[in-house]
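Enquirer: Quick one: this structure, given as structure tokens, is what I'll be asking you about.
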Amino acid sequence: MEQTINWSDLSFGYMKTDYNIRRYYRNGSWGELEVSSSESINIHISSTCLHYGQESFEGLKAFRGQDGRIRIFRPEENARRMQASSRGIMMAEQPVELFMEAVEKAVRLNERFVPPYGSGASLYIRPLMLGLGALIGVKPADEFVFLVFVTPVGPYFKSGFRPAPVCIMRDFDRAAPLGTGNIKVGGNYAASLVAGSKAHEAGYVAVLYLDPKEKNYIDECGPANFFGIKDNTYVTPASSSILPSITNKSLIQLAGDMGLKVERRPVPVSELASFEEAAECGTAAVVTPISRIDDLDENRSYVYSSDGKPGAVCEKLYRKLLGIQTGDEEDPYGWVHIL
Ligand SMILES: *Cc1c(COP(=O)(O)O)cnc(C)c1O
């Protein structure tokens, strides 16, 4: 069935594509890659992913360049981060090559869903891993399934690259100080849903979480990392409860090569007043400049943009990163994986 997709009208949502990939881990080893056209999986009702949150996921994007070729951004980084997630919640680690094979296959088989160059849209790739089996006691599973599906997504900014407001709420933590904040697991997201919907209801795009131990330092922005710009310096928090963002890692490199100083260290809330620009960054958000941080407990606002325009440094970083991802800019770092 051929369908026509209005590429410029896509949101960040799910659209059915032709195929997805599965690979099972049983009896101590990973099996063959399987291709499926079903959107469902059949798993035991007692699987650990369902009861005890033994689940991890990843998110990355593929772009079509002006040359028509498909570019996947830093997939090996996602493969390694998923291994770290597996170690963190006692799931089987998947070799990087197997992850890569599955991601490449998922993109190739759904090539007709990779949005055209210039549409502003991209193909979002979602790998995930689930603990399976007939278990009821709290212990790690010994069977797992690794899945990859893809879906075309529109630009994060429907109305263009615009700064958005976030808020600080001290009544909620997304992760514990020495918990699972530094790995990409579903449980962190379940824990963030109440705070996230409260923030959305109040008109904010995200919650800017503080460190869960002292509530004195900036952690991250819901599903995205935080950075601030001041005195020609890129400042991003260091914390045991932050997810190490591949976008942030890339921006740190770009900022340094653009001549900015880079600091990765604890960032106290009191420092927010000194930033000239602030932003959140991640695969979905790319770079989303922050217009304003409202500290709802202290009744204070930190304003970075009041005219609807992004700051100059955020804009430069955004253009550079997106340029490398789409192939418009050279990739001296070897980040782009061309299919
Ligand atoms: C995935 C994620 C990010 C962004 O990471 P990227 O690799 O840049 O996509 C940031 N914070 C959290 C909590 C995440 O789950």
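The values are calculated or read from the model by the stated rules, or taken from the named source; none is laboratory data. The shown structure was predicted, so the numbers you read here are calculated from the model rather than taken from an experiment. Positions of Cβ are backbone-derived with ideal geometry, glycine not excepted, and every protein chain shown enters the neighbour counts.
Enquirer: I'd like the full set of residues that are among the hydrophobic types (A, V, I, L, M, F, W, C) and in a strand (DSSP E or B), limited to segment 244-286. If you could, list the steps in order and put the result at the bottom.
Expert: At the first step, the residues of segment 244-286 found to be among the hydrophobic types (A, V, I, L, M, F, W, C) are 246, 251-252, 254-255, 258, 260, 262, 267, 269, 272-273, 275, 278-279, 281, 284-286.
Of everything in segment 244-286, those that are among the hydrophobic types (A, V, I, L, M, F, W, C) and in a strand (DSSP E or B) turn out to be 262, 278, 279, 281, 286.
Enquirer: Condition test on residue 95, is it out of contact with any helix residue (DSSP H, G or I) (no Cβ under 6 Å at 6 or more places or on another chain), crowded, with 22+ Cβ neighbours inside 10 Å and modelled with pLDDT of 95 or more?
Expert: Numbers: out of contact with any helix residue (DSSP H, G or I) (no Cβ under 6 Å at 6 or more places or on another chain): yes; crowded, with 22+ Cβ neighbours inside 10 Å: no; modelled with pLDDT of 95 or more: yes.
Against the criterion (out of contact with any helix residue (DSSP H, G or I) (no Cβ under 6 Å at 6 or more places or on another chain), crowded, with 22+ Cβ neighbours inside 10 Å and modelled with pLDDT of 95 or more), residue 95 does not qualify.
Enquirer: If you don't mind, another one. Suppose we filter segment 183-212 for residues that are more than 30 Å from residue 93 (Cβ to Cβ), in a loop (DSSP other than H, G, I, E, B) and more than 16 Å from the chain's Cα centre (by Cα); how many remain?
Expert: So the answer is 3.
Enquirer: Hey, another quick one. Which residue pairs have Cβ atoms under 8 Å apart, sit 6 or more places apart or on different chains, and have a first residue in segment 246-259 that is without any contact (Cβ under 8 Å) to a residue 60 or more places away in the chain and a second that is within 13 Å of the ligand (Cβ to nearest atom) and not basic (Lys, Arg)?
Expert: Filtered contacts from segment 246-259: 248/225; 248/227; 248/236; 248/281; 248/282; 252/236.
Enquirer: Condition test on residue 223, is it within 15 Å of the ligand (Cβ to nearest atom), in contact (Cβ under 8 Å) with a residue 40 or more places away in the chain and under 17 Å from the mean Cα position of the chain (by Cα)? First the steps, then the outcome.
Expert: Numbers: within 15 Å of the ligand (Cβ to nearest atom): yes; in contact (Cβ under 8 Å) with a residue 40 or more places away in the chain: yes; under 17 Å from the mean Cα position of the chain (by Cα): yes.
Spelling it out, residue 223 is indeed within 15 Å of the ligand (Cβ to nearest atom), in contact (Cβ under 8 Å) with a residue 40 or more places away in the chain and under 17 Å from the mean Cα position of the chain (by Cα).
Enquirer: Might you check whether a residue that is under 28 Å from residue 120 (Cα atoms), of a type in the set (Asp, Glu) and part of a helix (DSSP H, G or I) occurs anywhere in segment 7-29? So that I can check it myself, show each step before the final result.
Expert: At the first step, the residues of segment 7-29 found to be under 28 Å from residue 120 (Cα atoms) are 7-21.
Adding the requirement that they be of a type in the set (Asp, Glu) leaves 9, 18.
So of that shortlist, the ones also part of a helix (DSSP H, G or I) come out as 9.
Within segment 7-29 (the criterion being under 28 Å from residue 120 (Cα atoms), of a type in the set (Asp, Glu) and part of a helix (DSSP H, G or I)), the answer is yes, since at least one residue qualifies.
Enquirer: Further, regarding this structure: Give the residue, chosen from 242, 229, 218, that is under 14 Å from the mean Cα position of the chain (by Cα) and in the same structural domain as residue 269 (by TED's automatic domain parsing). Spell out the reasoning first.
Expert: Working: 229 fails: under 14 Å from the mean Cα position of the chain (by Cα); 218 fails: under 14 Å from the mean Cα position of the chain (by Cα).
Criteria check complete, one pass: 242.
Enquirer: Still on this model: Looking only at segment 19-77, count every residue that is away from the ligand (no atom under 16 Å from the Cβ), at negative phi and among the small types (Gly, Ala, Ser) and tell me the total.
Expert: 9
This table checks each residue for (1) more than 16 Å from the ligand (Cβ to nearest atom); (2) under 23 Å from residue 125 (Cβ atoms).
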| site | (1), (2) |
| --- | --- |
| 173 | no, no |
| 186 | no, yes |
| 192 | no, yes |
| 200 | yes, no |
| 207 | no, no |
| 210 | no, no |
| 231 | yes, no |
| 237 | no, no |
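Enquirer: If you scan segment 252-293, which residues turn out to be within 15 Å of the ligand (Cβ to nearest atom), among the polar types (S, T, N, Q) and surrounded by fewer than 21 Cβ atoms within 10 Å (Cβ to Cβ)? Even if it seems obvious, please write down each step before you answer.
Expert: Initially, segment 252-293 is screened for residues within 15 Å of the ligand (Cβ to nearest atom), giving 252-255, 264, 279-288, 290.
Checking the rest, the ones that are also among the polar types (S, T, N, Q) come to 253, 283, 288.
Of everything in segment 252-293, just one residue is within 15 Å of the ligand (Cβ to nearest atom), among the polar types (S, T, N, Q) and surrounded by fewer than 21 Cβ atoms within 10 Å (Cβ to Cβ), namely 253.
Enquirer: Can you name the number of the only condition in (1) at positive phi; (2) surrounded by fewer than 20 Cβ atoms within 10 Å (Cβ to Cβ); (3) among the β-branched types (Val, Ile, Thr) that residue 303 fails?
Expert: Here residue 303 meets the rest and fails (1).
Residue-wise test of (1) farther than 21 Å from residue 31 by Cβ; (2) not aliphatic (A, V, I, L, M).
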{"position": "57", "(1), (2)": "no, yes"}
{"position": "60", "(1), (2)": "yes, no"}
{"position": "65", "(1), (2)": "yes, yes"}
{"position": "76", "(1), (2)": "yes, yes"}
{"position": "85", "(1), (2)": "no, yes"}
{"position": "90", "(1), (2)": "no, no"}
{"position": "94", "(1), (2)": "no, yes"}
{"position": "106", "(1), (2)": "no, no"}
{"position": "110", "(1), (2)": "yes, yes"}
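Enquirer: State whether the residues of segment 126-137 include one that is surrounded by fewer than 19 Cβ atoms within 10 Å (Cβ to Cβ), free of Cβ contacts under 8 Å to residues at least 24 places away in the same chain and assigned by TED's automatic domain parsing to the domain that holds residue 40.
Expert: Checking segment 126-137: at least one residue is surrounded by fewer than 19 Cβ atoms within 10 Å (Cβ to Cβ), free of Cβ contacts under 8 Å to residues at least 24 places away in the same chain and assigned by TED's automatic domain parsing to the domain that holds residue 40.
Enquirer: Criterion first (in contact with a helix residue (DSSP H, G or I) (Cβ under 7 Å, 6 or more places away or on another chain), charged (D, E, K, R) and outside any strand (DSSP E or B)) does residue 320 satisfy it? Before the answer, list the steps.
Expert: On the way: in contact with a helix residue (DSSP H, G or I) (Cβ under 7 Å, 6 or more places away or on another chain): yes; charged (D, E, K, R): yes; outside any strand (DSSP E or B): yes.
So residue 320 passes the test.
Enquirer: Ok, one more. Kindly indicate which of 84, 121 is under 20 Å from residue 184 (Cβ atoms), in contact (Cβ under 8 Å) with a residue 60 or more places away in the chain and out of contact with any Asp or Glu (no Cβ under 7 Å at 6 or more places or on another chain).
Expert: Working: 121 fails: under 20 Å from residue 184 (Cβ atoms).
None of the others qualify; the one that does is 84.
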